[in-house]
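The values are calculated or read from the model by the stated rules, or taken from the named source; none is laboratory data. Quantities reported herein were computed from a predicted structural model and do not represent experimental measurements. Note: ideal-geometry Cβ built from the backbone for every residue, glycine included; neighbour counts use all protein chains shown.
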Amino acid sequence: MLKITIDNITTEVEEGTTILQAARKIGGKIVPPAMCYYSKLKGSGGKCRSCLVKVSRNSTVDSKPTSKLVASCSTPVQDGMIVQNITSPEVLEARKAIVEFLLINHPLDCPVCDQAGECDLQDLSFEHGLETTRYEEERREFNQIDIGENIKLHMNRCILCYRCVYVADQLTEKRVHGVLFRGDASEIGTYIGNVVDNDFSGNVIDVCPVGALTDKTFRFKSRVWFVNPMNVHRSCTKCSGKAAAWMFGDEIYRITGRKDKYGELEEFICNECRFDKKDKKDWVIEGPRKIDRHSVISQNHYEKIVKQSIIKPLEERTEPQE
Ligand code: SF4
Ligand code: FES
């Protein structure tokens with residue numbers, strides 16, 4: 001086992017564990033945000049830089065710090081490593097810059113975006129972003145397109161995290177969409193007008209951290225904070241049939257997979273459960289689902305978010321010693 005200290009909290013992890021996974025093992029505020037890493041998708045991470053941390057000691061045999069901040073989702077733990085996340089002003093400053101960077105092309109259309117209230121970028125900007133932008137150039141603009149019968153792609157909002165590409169690659173039989181072109185011309189697109197039409201394609205909606213991929217059967221039907229999430233299940237031959245139903249009174253407005261506290265799906269669900277079963281009779285309702293997030297849908301109102309304060313490293317603290 002390897003010993004790692006993150007923000008003064010020490011834990012032990014197996015070899016091959018990344019700093020982000022070690023932080024999630026500890027839990028709480030010291031866990032770095034992740035906009036592209038997804039534990040259930042192989043190869044994800046390393047794209048958005050929102051999980052940057054400072055390595056102040058590499059390992060027991062190499063006590064030097066790393067020369068720059070590292071992406072915690074793709075940096076493996078070494079024995080004796082010391083890492084700073086919220087104890088480092090440098091990391092918090094860098095995170096502000098990352099938010100500003102991610103928002104360069106992302107429109108601030110939250111009032112009309114279906115993802116508002118459950119958007120990872122909205123949360124990240126609220127906690128770490130600046131109130132203004134310095135960006136004066138023209139933003140990229142794309143037409144909205146349908147990729148598949150039930151999925152709308154709104155490329156203006158995409159932050160190129162690649163999660164949807166990994167879903168299509170790892171969950172479906174024939175991937176027909178991916179990132180086309182390079183650099184600032186990169187965009188999510190389908191290959192020669194193909195549509196995404198396989199049994200698990202709807203999961204791209206759930207993994208998308210922003211409102212770039214939305215469910216056409218739910219679009220503009222309601223704000224997420226007006227619907228109640230319920231744990232439901234049914235017998236399904238394609239997936240486990242365990243889902244979350246978002247209900248307004250007796251009506252099911254949408255079906256999604258069940259997400260954990262890091263916004264990741266507990267299980268991927270099939271399109272039949274997601275798009276075709278909107279009748280209450282189709283499901284066994286287990287009861288209300290607790291949404292473990294600090295954003296609007298967990299409370300039906302915006303909680304007052306306490307800005308991350310910088311915890312001083314142990315050696316700089318001045319409290320009297322016992
Ligand atoms: S569409 Fe969503 S999931 Fe796909 S790359 Fe863009 S932001 Fe990521
Ligand atoms: S979550 Fe680590 S780079 Fe995106």
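Report, by residue number, each residue of segment 200-233 that is in a loop (DSSP other than H, G, I, E, B) and β-branched (V, I, T). Quick ask: steps written out before the conclusion?
Going residue by residue through segment 200-233, those that are in a loop (DSSP other than H, G, I, E, B) are 200-202, 208-212, 216-223, 227.
If the condition is that a residue be in a loop (DSSP other than H, G, I, E, B) and β-branched (V, I, T), then V210, T217, V227 are the ones that fit.
Which ones in segment 239-257 are assigned to a loop (DSSP other than H, G, I, E, B) and surrounded by fewer than 19 Cβ atoms within 10 Å (Cβ to Cβ)? Let's see the steps before the verdict.
First pass over segment 239-257, keeping only residues assigned to a loop (DSSP other than H, G, I, E, B): 239-241, 249-250, 257.
Across segment 239-257, the qualifying residues are S240, G249, D250.
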**Fill in**
The one condition C236 fails out of (1) surrounded by fewer than 18 Cβ atoms within 10 Å (Cβ to Cβ); (2) among the hydrophobic types (A, V, I, L, M, F, W, C); (3) assigned to a helix (DSSP H, G or I) is (3)
**Request:** Please tell me if E136 is within 27 Å of I86 (Cα to Cα), out of contact with any Asp or Glu (no Cβ under 9 Å at 6 or more places or on another chain) and in the same structural domain as D197 (by TED's automatic domain parsing).
**Result:** no
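Matching residues to (1) among the hydroxyl-bearing types (S, T, Y); (2) touching a strand residue (DSSP E or B) at 6+ places or on another chain (Cβ under 8 Å); (3) away from ligand 1 (no atom under 16 Å from the Cβ):
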{"site": "K25", "(1), (2), (3)": "no, yes, yes"}
{"site": "Q78", "(1), (2), (3)": "no, yes, yes"}
{"site": "P89", "(1), (2), (3)": "no, no, yes"}
{"site": "D123", "(1), (2), (3)": "no, no, no"}
**Asked** Under the condition of being within 22 Å of the chain's Cα centre (by Cα) and part of a loop (DSSP other than H, G, I, E, B), which residue from segment 145-163 is farthest from ligand 2 (Cβ to nearest atom)?
**Response** N150
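Residue under question is T133, and the condition is that it be over 27 Å from I291 (Cα atoms), in contact with a helix residue (DSSP H, G or I) (Cβ under 9 Å, 6 or more places away or on another chain) and in contact (Cβ under 8 Å) with a residue 40 or more places away in the chain; does it hold?
On the way: over 27 Å from I291 (Cα atoms): yes; in contact with a helix residue (DSSP H, G or I) (Cβ under 9 Å, 6 or more places away or on another chain): yes; in contact (Cβ under 8 Å) with a residue 40 or more places away in the chain: no.
No.
Can you tell me which residue within segment 199-235, out of those that are among the polar types (S, T, N, Q) and more than 16 Å from ligand 1 (Cβ to nearest atom), is modelled with the lowest pLDDT? Walk me through how you get there before you give the answer.
In the first step, residues of segment 199-235 are kept if they are among the polar types (S, T, N, Q); the result is 201, 203, 214, 217, 222, 228, 231, 235.
Those still in the list that are more than 16 Å from ligand 1 (Cβ to nearest atom) too: 217, 222, 228, 231, 235.
Numbers: T217: 95, S222: 92, N228: 89, N231: 95, S235: 96.
Top of the filtered list is N228.
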**Message:** Looking for something away from ligand 1 (no atom under 16 Å from the Cβ), at pLDDT 90 or above, out of contact with any helix residue (DSSP H, G or I) (no Cβ under 8 Å at 6 or more places or on another chain) and among the polar types (S, T, N, Q) - is there at least one such residue anywhere in segment 169-176?
**Reply:** no
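Within the bounds of segment 159-167, is there any residue that is touching a strand residue (DSSP E or B) at 6+ places or on another chain (Cβ under 7 Å), of a type outside the set (S, T, Y) and over 22 Å from A34 (Cβ atoms)? Break it down stepwise before answering.
The first filter runs over segment 159-167 and keeps only residues touching a strand residue (DSSP E or B) at 6+ places or on another chain (Cβ under 7 Å), leaving 160, 162, 164-165.
Filter once more, so that each one left must be of a type outside the set (S, T, Y): 160, 164-165.
Narrowing further to those that are over 22 Å from A34 (Cβ atoms): none.
Checking segment 159-167: not a single residue is touching a strand residue (DSSP E or B) at 6+ places or on another chain (Cβ under 7 Å), of a type outside the set (S, T, Y) and over 22 Å from A34 (Cβ atoms).
For segment 45-84, how many residues meet the condition of being of a type in the set (V, I, T), assigned to a strand (DSSP E or B), under 16 Å from V13 (Cβ atoms) and within 16 Å of ligand 2 (Cβ to nearest atom)? Please lay out each step first, then the result.
Taking segment 45-84 as the starting set, the residues that turn out to be of a type in the set (V, I, T) are 53, 55, 60-61, 66, 70, 75, 77, 82-83.
Those left that are additionally assigned to a strand (DSSP E or B): 53, 55, 70, 82-83.
Still in the running and under 16 Å from V13 (Cβ atoms): 53, 55, 82-83.
With within 16 Å of ligand 2 (Cβ to nearest atom) added as a condition, the list becomes 53, 55, 83.
Qualifying residue count for the region: 3.
Being free of Cβ contacts under 8 Å to residues at least 24 places away in the same chain and at positive phi narrows it down to one residue among G183, G148; which is it? Before the answer, list the steps.
On the way: G148 fails: free of Cβ contacts under 8 Å to residues at least 24 places away in the same chain.
After applying the criteria, what remains is G183.
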**Request:** Report yes if some residue within segment 49-71 is surrounded by 15 or more Cβ atoms within 10 Å (Cβ to Cβ), within 16 Å of ligand 1 (Cβ to nearest atom) and of a type in the set (G, A, S); otherwise report no.
**Result:** yes
**Fill in**
K40 fails exactly one of (1) in a loop (DSSP other than H, G, I, E, B); (2) more than 23 Å from the chain's Cα centre (by Cα), namely (2)
**Asked** Does segment 178-189 contain any residue that is in a loop (DSSP other than H, G, I, E, B), within 13 Å of ligand 1 (Cβ to nearest atom) and surrounded by 21 or more Cβ atoms within 10 Å (Cβ to Cβ)?
**Response** no
